[in-house]
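The values are calculated or read from the model by the stated rules, or taken from the named source; none is laboratory data. In this text, all values refer to a predicted model and were calculated from it rather than measured experimentally. Quick reminder, even Gly has a Cβ in these numbers, built from the backbone with ideal geometry, and neighbours come from all protein chains shown.
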Amino acid sequence: MRLGTRSPNDFIQSINKKNDDIQQSFLAKIINLIKSTNINVMLGDATITEQKTFDPALVSDFYHTIIKNLKDWSVQEVSISNNDDIRRIFTKFEIREGNYLISGHMSLQYHVLLYYRPDQQVIQLQKELSEIIDLTKNKEQQMSDNSDQFVLNKLKEKGYKDFDHQKLFEIFYENDEFREKIYKEIEQDIEVDFQDLSNKKTRLIKELDNLLIETYQTSPVLIDDTRLITGEEGCLCTFDIEFIRNKTKEGLFDPRKISDAVKESIVKRLDEFSKLLTI
């Protein structure tokens with residue numbers, strides 16, 4: 001049973017109130033941690049502008065502090081999903097009281113936006129990359145426009161003079177090793193090394209990637225599991241109580257059957273968590 005679910009039961013209503021207080025305290029803490037600052041970034045066209053961002057490490061440290069102080073709870077280490085454009089910092093924890101399992105989940109979901117560092121080297125690398133792309137495109141076009149004639153000339157140079165064009169191309173395409181050798185000679189004739197250009201292009205792209213910086217954006221709102229799964233920005237702090245029957249978890253149970261001792265323990269655990277939010 002997810003805390004916050006409506007119930008006529010007095011005990012459930014009382015812990016729902018505690019859960020509401022926990023969620024509001026959690027949201028206030030997150031809002032403080034995700035306060036944005038402005039940094040200078042460079043766009044793809046070399047324009048320098050300001051971009052808002054926050055430090056996800058502050059949220060991660062906050063989660064670590066919480067789970068470190070959750071005495072007797074079974075906790076998962078703080079994790080960060082590694083998607084390119086949207087990420088999530090989260091942790092889960094649980095504890096058993098009698099035949100009831102209390103489980104909690106804290107999460108923050110945010111978008112990642114990539115920019116270049118405001119560095120003159122970005123402009124220089126982009127210029128070199130553009131020149132290589134243009135050169136490659138031009139040489140490939142030159143080869144494409146004249147490829148048949150190139151092949152015929154090379155075949156005739158190698159002694160295949162007394163064949164018609166159809167037979168020459170059959171010879172060319174039937175021998176892979178021979179065809180590769182002809183292509184290499186054609187590349188030399190048009191004074192281009194496509195492999196070298198490709199290697200330079202890869203190197204420049206890698207150097208540009210090393211000059212990228214990440215900025216982070218999120219929304220200071222509480223979201224539920226559905227909105228989390230669909231990729232919305234925001235934070236989540238939920239608690240569930242489940243009944244354990246024969247090692248099986250049951251989310252539906254009669255709260256009137258919870259003993260007073262277990263009720264006290266559940267309240268105690270929620271109060272412990274609530275106090276940790278003020279650290």
*Mind checking which residues of region 61-77 are surrounded by 18 or more Cβ atoms within 10 Å (Cβ to Cβ) and closer than 22 Å to residue 111 by Cα?*
62, 63
*In region 1-26, which residues are under 20 Å from residue 89 (Cα atoms) and either among the small types (Gly, Ala, Ser) or not in a helix (DSSP H, G or I) (or both)?*
25
_From 35, 71, 52, 29, residue being modelled with pLDDT of 95 or more and either assigned to a loop (DSSP other than H, G, I, E, B) or not assigned by TED's automatic domain parsing to the domain that holds residue 239 (or both)_ = 35
_Cβ-Cβ under 8 Å, sequence separation 6+ or interchain: first residue in region 7-26 and within 13 Å of residue 273 (Cβ to Cβ), partner among the polar types (S, T, N, Q). Which pairs?_
18/274; 21/274; 22/274; 25/274; 25/278
*Hey, can you tell me all the residues within region 55-86 that are in contact with a Phe, Trp or Tyr (Cβ under 9 Å, 6 or more places away or on another chain), without any contact (Cβ under 8 Å) to a residue 40 or more places away in the chain, of a type outside the set (Gly, Ala, Ser) and under 15 Å from residue 229 (Cα atoms)?*
80
*asked:* Quick check on residue 89: is it buried (at least 18 other Cβ atoms within 10 Å of the Cβ) and part of a helix (DSSP H, G or I)?
replied: no
*residue 103 is checked against (1) over 20 Å from the mean Cα position of the chain (by Cα); (2) under 19 Å from residue 204 (Cβ atoms); (3) not in a helix (DSSP H, G or I) and fails just one. What number does that condition carry?*
(2)
*What are the residues in region 7-42 that are farther than 19 Å from residue 269 by Cα and touching a helix residue (DSSP H, G or I) at 6+ places or on another chain (Cβ under 8 Å), if any?*
7, 9, 29, 30, 33, 34, 42
_Any chance residue 51 is in contact with a Ser or Thr (Cβ under 7 Å, 6 or more places away or on another chain), loosely packed, with under 13 Cβ neighbours inside 10 Å and farther than 15 Å from residue 276 by Cα_ = no
_Matching residues in region 74-86 - criterion: being among the β-branched types (Val, Ile, Thr) and either part of a loop (DSSP other than H, G, I, E, B) or in contact with a Cys (Cβ under 9 Å, 6 or more places away or on another chain) (or both)_ = 78
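Residues are listed down the side, and each one gets a yes or a no for (1) assigned to a helix (DSSP H, G or I); (2) under 23 Å from residue 199 (Cβ atoms); (3) at pLDDT 70 or above:
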position	(1), (2), (3)
121	yes, yes, yes
128	yes, yes, yes
132	yes, yes, yes
135	yes, yes, yes
141	yes, yes, yes
144	yes, yes, no
150	yes, no, no
154	yes, no, no
*Under the condition of being part of a helix (DSSP H, G or I) and in contact with a helix residue (DSSP H, G or I) (Cβ under 6 Å, 6 or more places away or on another chain), which residue from region 197-229 is modelled with the lowest pLDDT?*
197
